[in-house]
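Engineer: Can you keep this structure in mind? I'll have questions shortly.
Values quoted throughout were computed directly from the atomic coordinates according to the rules given, and no laboratory measurement underlies them. This one's a predicted model, so the numbers in the text were calculated from it and none came from an experiment. Positions of Cβ are generated from backbone atoms using ideal geometry, with glycine treated the same way; all protein chains shown enter the neighbour counts.
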Amino acid sequence: MANIYLRALIVGAMAGMRSLVTPSIVSESLASEGSPNLHGSVFSLLTTPNVRSTLKAGAATEFVCDKLPFMPDRTEPASLIFRFISGAVCGAAIYKAEGQSSPLGAAIGGVTAVVSAHVCYNIRKKLVGDETASDTLVAVAEDALVITLGRIATES
């Protein structure tokens, strides 16, 4: 398993690309791990069946909607705020599950999400603008990258 700092960086990077898929993956991992450190904390909500189901539905929707041409850019302020929150919550939850400082995990995850959003947005626009690849192809590649990173960040 990747160390906790690296795991928070990874989920932050994931949130910069897919803000709903990331908490879905993290919630499934936390539920399967069953960390006693989450009991009594707000992060224990991530392990409940209703929240996990809602996050799965949101993730499925995000996989589809990301490919639609009218979706706002991930670097727009509202989107960046949501990505920051997603990365922060996921980073904090991972740190809390390990009995570590959740504010530190939140800072790592949130800041990394914002950086990732900008970096990945620029890479995607460059590839599409240069006609190296279609936007849909790049988006699907991002989907695969997020899923792969999720496996790395949550493997036990």
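Engineer: When residue 146 is evaluated against the numbered criteria (1) part of a helix (DSSP H, G or I); (2) within 21 Å of residue 45 (Cβ to Cβ); (3) not polar (S, T, N, Q), which criterion, by number, is the only one it fails?
Structural biologist: Of everything listed in (1) part of a helix (DSSP H, G or I); (2) within 21 Å of residue 45 (Cβ to Cβ); (3) not polar (S, T, N, Q), residue 146 misses just condition (2).
Engineer: Could you list, in sequence order, the residues of the stretch 30-52 that are over 11 Å from residue 94 (Cα atoms), over 20 Å from the mean Cα position of the chain (by Cα) and in contact (Cβ under 8 Å) with a residue 24 or more places away in the chain?
Structural biologist: Selection gives 41 alone.
Engineer: If you go through the stretch 7-58, how many residues are of a type in the set (A, V, I, L, M) and loosely packed, with under 13 Cβ neighbours inside 10 Å?
Structural biologist: The qualifying residues number 2.
Engineer: Answer yes if at least one residue in the stretch 103-121 is in a loop (DSSP other than H, G, I, E, B) and farther than 13 Å from residue 46 by Cβ, and no otherwise.
Structural biologist: Scanning the stretch 103-121 turns up no residue that is in a loop (DSSP other than H, G, I, E, B) and farther than 13 Å from residue 46 by Cβ.
Engineer: Any residue at all in the stretch 64-81 that is assigned to a helix (DSSP H, G or I), in contact with a Ser or Thr (Cβ under 7 Å, 6 or more places away or on another chain) and either under 16 Å from residue 151 (Cα atoms) or touching a residue at least 12 places away in the same chain (Cβ under 8 Å) (or both)?
Structural biologist: Within the stretch 64-81, none of the residues are assigned to a helix (DSSP H, G or I), in contact with a Ser or Thr (Cβ under 7 Å, 6 or more places away or on another chain) and either under 16 Å from residue 151 (Cα atoms) or touching a residue at least 12 places away in the same chain (Cβ under 8 Å) (or both).
Engineer: Report the residue count in the stretch 116-140 for those that are surrounded by fewer than 20 Cβ atoms within 10 Å (Cβ to Cβ) and in contact with a Gly (Cβ under 7 Å, 6 or more places away or on another chain).
Structural biologist: Residues meeting the conditions: 0.
Engineer: Only residues that are more than 20 Å from residue 149 (Cβ to Cβ) and out of contact with any Asp or Glu (no Cβ under 9 Å at 6 or more places or on another chain): list them for the stretch 22-42, please.
Structural biologist: Within the stretch 22-42, 34, 36, 38, 39, 40, 41, 42 qualify.
Engineer: Would you check which residues across the stretch 11-28 are among the charged types (D, E, K, R) and not in a helix (DSSP H, G or I) and list them?
Structural biologist: The answer is 18, and nothing else.
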